[in-house]
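Accompanying notes for the structure given below.
The values are calculated or read from the model by the stated rules, or taken from the named source; none is laboratory data. These numbers were taken from a predicted model, which means no experiment stands behind them. In this analysis, Cβ positions are derived from the backbone assuming ideal geometry, glycine residues included, and neighbour counts consider all displayed protein chains.
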Amino acid sequence: MTTPSYFGIDVSKHALDLGDPDRYHRRFDNTVDGIAALVAFLRDNDPTLIAIEATGGYERGVVAALQEAAIPVAVVHPGRVRSFARSCGVRHKNDRIDSMVLARFAERTKPRATERQDDCVQQLRIHRDRRGQLVEDLKREKIRLESVQNDEIRAGIEMHMQVLKQMVAALDRTIDAVIAASKELQQKREVMESVVGVGPQTATTLLAYVPELGHVNRQQIAAILGVAPYASDSGNREGRRRISGGRRIPRKVVYMAAIAAARSNDVIKEFYLRLRAKGKPAKVALAACMRKLIVYLNSILQELPPVSEC
């Protein structure tokens, strides 16, 4: 019987540090050639699971290469890993130590391996990332415009805002084209947009950032979005249930969708008013609406028949 082997990879812009629970192995360049050498090394060691922190994009190349090589890899939340390190008494932090902590995290917690994303979903995520950046730039320029007094600077800001709006519009057309190229994505977006309160941006964001939607159960999808209430009890004290964690970007759009649904979706509106009538604070009732909405979207996507891309 083969002994399970776990590895951790600490990812930075230029380097990939590899370690197992007991020792540091070596550093690879975060380049095409370096990733290829890393994959070859791991193939020889037949890993059970590899843990990598989500680092805002620097990990995508190595994760894709590992998945292509059928090597199980789990992309994990950095906050969970730091909490785990503190629980193990690890106070020091550097690339070598982090790789070993990640390996130990994989060994002890055995996170689920991250599924390989469809090429269309990857492209959708890339373009949606860029759209989000441009929208944030637009917001900042709008704030600057409100306080600027110089006419020349004001004209420059307005010109820049116009360019940003054109770029956002171009990205929207690209995103539509990416979704149109996939019958599955197209079908999912149409079904989600049929729900009152869910608009094109909400549907697109969920397709890009929550590929698990329609493939997991209600408890799992609520946890992924960070809308599952967690107990805080001790002895005879029953603490308040709170929601926490979750993926920030999709959670934000589901929040906005829940506000819209609480006003115009008969089912969500009735649910919201019923909670308010029971004395629930508005934020608590709205969080419950978020959970109800995402669970409903998950359930209707589960019922969709498989779509052939041919």
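When the residues of region 172-216 are narrowed to those that are in a helix (DSSP H, G or I) and among the acidic types (Asp, Glu), which ends up nearest to His127 (Cα to Cα)? Checking each candidate, the answer is Asp172. Taking the numbered list (1) at pLDDT below 90; (2) surrounded by fewer than 18 Cβ atoms within 10 Å (Cβ to Cβ); (3) of a type in the set (A, V, I, L, M, F, W, C) in turn, Ala85 passes all entries but (2).
Scanning region 186-204 for residues that are over 17 Å from Ser299 (Cβ atoms) and either at pLDDT below 95 or surrounded by fewer than 23 Cβ atoms within 10 Å (Cβ to Cβ) (or both) yields a count of 4. Look at (1) in the same structural domain as Met256 (by TED's automatic domain parsing); (2) outside any loop (DSSP other than H, G, I, E, B); (3) touching a residue at least 24 places away in the same chain (Cβ under 8 Å) and you find that Ile224 fails only one, number (3).
Selection over region 139-161 of residues that are under 28 Å from Leu207 (Cα atoms) and exposed (fewer than 15 other Cβ atoms within 10 Å of the Cβ) gives a count of 2. Among the criteria (1) in the same structural domain as Asp17 (by TED's automatic domain parsing); (2) touching a residue at least 24 places away in the same chain (Cβ under 8 Å); (3) part of a loop (DSSP other than H, G, I, E, B), the one Lys93 does not fulfil is (2). Within region 1-17, the set of residues being within 21 Å of Gly79 (Cβ to Cβ) and surrounded by fewer than 12 Cβ atoms within 10 Å (Cβ to Cβ) comprises Lys13 only.
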